[in-house]
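Student: The structure is given below, and queries will be raised subsequently.
Throughout, read-outs are computed from the coordinates displayed, never taken from laboratory work. Just so we're clear, the structure is a prediction, and the values are computed from it rather than from any experiment. Note: ideal-geometry Cβ built from the backbone for every residue, glycine included; neighbour counts use all protein chains shown.
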Amino acid sequence: MSVAAYRFSHLDALESEALFIMREVVAEFERPVLLFSGGKDSIVMLRLASKAFAPARIPFPVLHIDTGHNFPEVLAYRDRRVAELGLQLIVGSVPDAIESGLVSAPADGTRNRIQTPVLLDTVEKYRFDALFGGARRDEEKARAKERVFSFRDEFGQWDPRNQRPELWSLYNARHAPGESIRVFPLSNWTELDVWHYIAREDIALPPIYFAHEREVIRRGDMLYAVNAFVTPRGETPFTARVRYRTVGDASCTAAVESDADTVAKVIEEVAATRITERGATRGDDRTSEAAMEDRKKEGYF
Amino acid sequence: MDLLRFATAGSVDDGKSTLIGRLLYDTKSLFADQLAAVEAVSAARGDDYTNLALLTDGLRAEREQGITIDVAYRYFATPRRKFIIADTPGHIQYTRNMVTGASTADLALVLVDARKGLVEQSRRHAFLCSLLRVPHLVLCVNKMDLVDWSQEVFEEIAAEFTAFAAKLDVPDLTVIPVSALHGDNIARRSANLPWYEGPSLLHHLEHVHIASDRNLVDVRFPVQYVIRPQSTAHPDYRGYAGQVASGVLKPGDEVMVLPSGFTSTITHIDTADGPVAQAYPPMSVTIRLADEIDIARGDLICRPHNAPATAQDIDAMLCWMDETRPLRTGGRYAIKHTTRTARAVVRQLHYRLDVNSLHRDEGSDGLTLNEIGRVRLRTTQPLLADAYRRNRTTGGFILIDESTHRTVAAGMIVDG
C-alpha cells in the first residue's frame, strides 16, 4: 500500500500527542488532577482525557480555582459537564481563602494574583502530584519556553533557568514528596488549532464564546462587561455585540467586538485577527513585560 | 494539512532570529500587539532597529542579557502545513538545547553568514543533526545581500558543506541562498538571485516529503497503560493503550509480546471514536488481543519474526546534559526507554567525541555538560531496543539522576 494511505493530519498528530501525554501521567503519578475553569482550552483537555482512557472513565478528578468572579454561564457549563462525565469536582475557593485569612483581597478588586496561594493550598491539601493545565506555548512568550512536564518545587515555583531537558517523548516524571509537575498536553496547539478541534469534535462551549449583545464599558482599549464585579468609574455603559476570546476572572477578562455566532465564524475571525488572545482580553498580562513569567515563578498556572 | 516540526540552529549573529521573524511576518503569523511590544522594548533600549530576537527571547534574563538561554517553541501555518519551530540557541554551551530541539524534528535548519562561510559552529550543528537522525537538513546561506548576491560565494559554501555532510550520513540536504533581513528567498523566490533555480525556504518547508520518513515496516508498539474499566458496561474489557512507534498493525495480525515472548492475535484496535482497520505511526490507540496474557506498561508488542533486541548490555552515544555532576564510569542512573524504566550502570566510556573535529578521545575519564561520548551500559532489566538509526523511538533513551531527579543525558543506541 502506498504511503498516501497512512495520512495523518496536524489535528490528528496534536490529539495523539495529547493522549500520549495524559496516559504517561496516569501511568507514572499517584494523584493527578485536571485544572478545569470552564474555558475552551480546559474543555478541550477534558475531551482529550475522556478519549485517552475510553471506554473507562477519566481516572482523575477536576479542580476549579474559583475566584468568586464568575460568568454564570461558565459555572453552569462546568457543573453540567462534570455531572455528564461522572467526575469528582474539587473547588478551591478564593472567597473562602479571603474569609479564612489565607490571602487578603487586593484593594483594586482583582483576584488573579491571589489565585496562586489558593491553588497551592489546595494542591497541598489533596497531595496532588501532577496538575494538567490547558496552557499553550503560543499564548505568551514565557509559556513558549515551558516544558510539557514542568517541574515545580515544594512552593509551586517555576525556575525557568533550570528546566529539565525534554527529549523525544520521554517525559521525566520524577519528583520528591511535596514537589509536583504541571503537565500541559496542549503545549503545541495554537488558538486556531483549538477552534478547529472544537469544530471537528463538535464540542459544546459556554455561550459567552459566541457573539451576543451585552452592556459594556470601554476601559483603556478593552471592553469589559458591566456586572457585579465591574462597575463604571465614569465610563458610559453601552450595548455592543461581543464575544469572549478567553474566559478568566470576570473582573479582568475583556470581551472583543464580534459578529461570530457560530464555531465556523469564530474560526474565520481567529484566522484573520491581528491581536493575540491574551493581548486582546487579559488586563492581568499588561502590568509588565514579564507579568506572566513573574506569576509563573510564584506558582501560577 | 499535515504537521512539520523543525529545529533552527545558529546564533543571533547569523541572523537566525531575523529569519524566524521573517517567516512569521511573511506568513502573517505575527500579531500586532507582539510586534508593538517588541518595538517598544527595542526603542526603550535604544536599539537601532526593531530587534526581532526579542520575539523569541521570552524570559526576563534573556532580554536583559541579550542572549537566548533555552529552546523556545514557535508556531505558524500556511494553507499547506502547520509548522512547529524549536528555536535553539547556537552557542557551544547550548549543545544540550540543540539536541533537545533536534530530537523531535523532521527537519533542521542551519544558518551561516555568507561573509564568514562555514565556521566550527556550522559543522557542529550538522553533526548534531546527523547524530539525532533528523531526516532533512537545510543550510541557509544568509546575508547574500552583503556579498553582492554572489553565486560564486554561495557555491563555494554549498560545496564545502555538502562534502562535510556526506561524511556524516545526512540523508537529505538542501542549500538555499537567502537574505533574511530583506526577505529574499524566504517566503518567495528573489529577483536578486536569478542564477538560483531552487525553491524559496518556505516553499521547501511546505513541500519537503516527510510522510515516508516514518518507519512503516517494523511493528513496534510500546505498551503505555492497561485500560480495564471493570464497569457494568465493560466488565471484561482489557486493552493495551499506547502510541504506535513504527509499523502498521491490523486486526487479525499475529503478534509477539516482549519480554515474555508469548504470541497472540490482535482482535480489535480501538479508539474513542470507534474501532479502526489499521494503526500506524504516530497514532495513539488501544489494542485488544485474543489471549489473556500478562502484559504491563513497559512491554512491547511486535511481530514474531521482526522483533527488537532484548538486551541488558547497551552500546550508545550519550550527550551529557547536567552541569552539576559529570558522567563517570561506574555511575548509576535511572534509564527511561520507551515506556520502560530501569536502572543502568555505566560500564565503560569508549571515547569522548570532539564535536568540532570529530576526533575520538579514548583516554577520557568522564563527560561534562554538552559533551558527547560512546558508552556501554548494563541495565537491571532488558530493554526492548533497536538501533537509533533504525528507529528513533525504540532507539532513544534518557538517563535520570536518582538523587536530584534531573534528566542528565540523552542516549542513542548503536548496534553493539
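Student: Counting only other chains, what is the mean number of Cβ atoms within 10 angstrom of the Cβ of each residue in peptide A:156-167?
Tutor: Details: counts 0, 0, 0, 0, 7, 6, 3, 5, 9, 16, 6, 18.
Counting Cβ atoms of other protein chains within 10 Å of each residue's Cβ and averaging gives 6.
Student: Sequence gap at least 6, Cα distance under 8 Å: using those rules, report the relative contact order of chain B to the nearest whole percent.
Tutor: In percent, rounded to a whole number, it is 11.
Student: Once you keep just the Cα pairs under 8 angstrom separated by 6 or more residues, what percentage relative contact order results for chain A?
Tutor: The value is 19 percent.
Student: Over all pairs of distinct alpha carbons, what does the Kirkwood formula give as the hydrodynamic radius of the protein assembly as shown, in Å?
Tutor: 26.8
Student: Report the residue, chosen from A:Gly248, A:Gly220, A:Gly92, that carries the largest GNM mean-square fluctuation when chain A is represented by alpha-carbon nodes joined by springs under 10 Å.
Tutor: Largest GNM mean-square fluctuation: A:Gly220.
Student: If a/c stays under 1.5 just call it rounded; otherwise compare a/b with b/c (prolate if a/b is bigger, oblate if not). Do that for segment B:162-223, with a ≥ b ≥ c from the square roots of the Cα gyration tensor eigenvalues.
Tutor: prolate
Student: Can you give the FRET efficiency to the nearest 0.05 for B:Asp148 and B:Thr368, using r as the Cβ-Cβ distance and R₀ = 51 Å?
Tutor: Between B:Asp148 and B:Thr368 the formula returns 0.70.
Student: What trypsin sites (Lys or Arg not before Pro) in segment A:182-240 are in a loop by DSSP, with at most 12 other Cβ atoms within 10 Å of the Cβ?
Tutor: A:Arg233
Student: Round to the nearest 0.05 the FRET efficiency obtained for B:Ile293 and B:His209 when R0 = 25 Å and r is the Cβ-Cβ distance.
Tutor: Values: r = 39 Å, r/R0 = 1.58.
The computed FRET efficiency comes out at 0.05.
Student: Running a GNM on chain A with Cα contacts under 10 Å, which residue among A:Ser180, A:Ser100, A:Ser16 ends up with the highest mean-square fluctuation?
Tutor: Its mean-square fluctuation being the largest, the pick is A:Ser100.
Student: While we're looking at this one, here's another question. Regarding segment A:205-285, what is the average projected area of its C-alpha convex hull, in nm²?
Tutor: Numbers: hull surface 20.7 nm².
For segment A:205-285, the mean projected area of the Cα convex hull comes to 5.2 nm².
Student: Another question, then. Output needed: percent of Cα pairs per 20 Å distance bin for chain B, bins running from 0 to the one holding the longest distance.
Tutor: Per 20 Å bin, starting at zero, the Cα-Cα P(r) for chain B comes out as 24, 50, 24, 1 percent.
Student: Taking the number of other C-beta atoms within 10 Å as the exposure measure, put B:Asp273, B:Asp253 in order starting with the fewest.
Tutor: With the fewest neighbours first, B:Asp273, B:Asp253 line up as B:Asp273, B:Asp253.
Student: I would also like to ask the following. Obtain the radius of gyration and the Kirkwood radius of segment B:221-302 from its C-alpha atoms and give Rg over Rh.
Tutor: 0.93
Student: Counting each DSSP H run of 4 or more residues in the protein assembly as shown as -39500 (n - 2.57), what helix-only mean residue ellipticity at 222 nm follows after dividing by all residues, to the nearest 500 deg cm²/dmol?
Tutor: Details: 17 runs with 180 residues, N = 717.
Using -39500 (n - 2.57) per qualifying helix, the result is -7500 deg cm²/dmol.
Student: Report ³J(HN,Hα) in whole Hz for each residue of segment A:250-258, in order, from the Karplus equation J = 6.51 cos²θ - 1.76 cosθ + 1.60 where θ = phi - 60°; Gly and Pro get x.
Tutor: Calculated HN-Hα couplings, in order: 5, 8, 10, 9, 9, 9, 10, 5, 6 Hz.
Student: What's the Kirkwood radius of chain A in Å, using all Cα pairs?
Tutor: Every distinct Cα pair counted, the radius reaches 20.1 Å.
Student: Roughly how crowded by other chains is peptide A:171-178, in terms of the mean Cβ count from those chains within 10 Å of each of its Cβ atoms?
Tutor: Partner Cβ neighbours, averaged per residue: 4.
Student: Let me ask something else about it. Just tell me the longest site-free run in chain B, where the sites are GluC sites (Glu not before Pro) in a DSSP loop having at most 13 other beta-carbon atoms within 10 Å.
Tutor: Formally, the longest exposed-site-free interval is B:1-196.
Student: For chain B, with a Gaussian network of springs between Cα atoms less than 10 Å apart, report the residue from B:Asn97, B:Asn185, B:Asn356 with the top mean-square fluctuation.
Tutor: Residue with maximal mean-square fluctuation among B:Asn97, B:Asn185, B:Asn356: B:Asn356.
Student: Now for a separate question. Using alpha-carbon pairs under 8 Å, 6+ residues apart, how would you state the relative contact order of segment A:205-285 in percent?
Tutor: Across segment A:205-285, relative contact order equals 31 percent.
Student: Let me ask something additional. Per residue of B:223-235, what is the mean number of Cβ atoms on other protein chains within 10 angstrom of that residue's Cβ? Mind showing how you got there, number by number?
Tutor: Details: counts 1, 8, 11, 1, 8, 1, 6, 1, 3, 0, 1, 3, 0.
Rounded to a whole number, the mean comes out at 3.
Student: Could you list the trypsin sites (Lys or Arg not before Pro) in segment A:127-161 that lie in coil according to DSSP, counting only those with at most 15 other Cβ atoms within 10 Å of their Cβ?
Tutor: A:Arg127
Student: Using 1/(1 + (r/R0)^6) with R0 = 56 angstrom and r between the beta carbons of A:Thr236 and A:Glu84, what's the FRET efficiency to the nearest 0.05?
Tutor: 0.85
Student: By the scheme Lys and Arg +1, Asp and Glu -1, what is the net charge of all other residues having a beta-carbon under 11 Å from that of A:Asp153? Please report the intermediate quantities before stating the final value.
Tutor: Numbers: positive: A:Arg152, A:Lys297; negative: A:Glu154, A:Asp159, A:Glu179.
Net charge around A:Asp153: -1.
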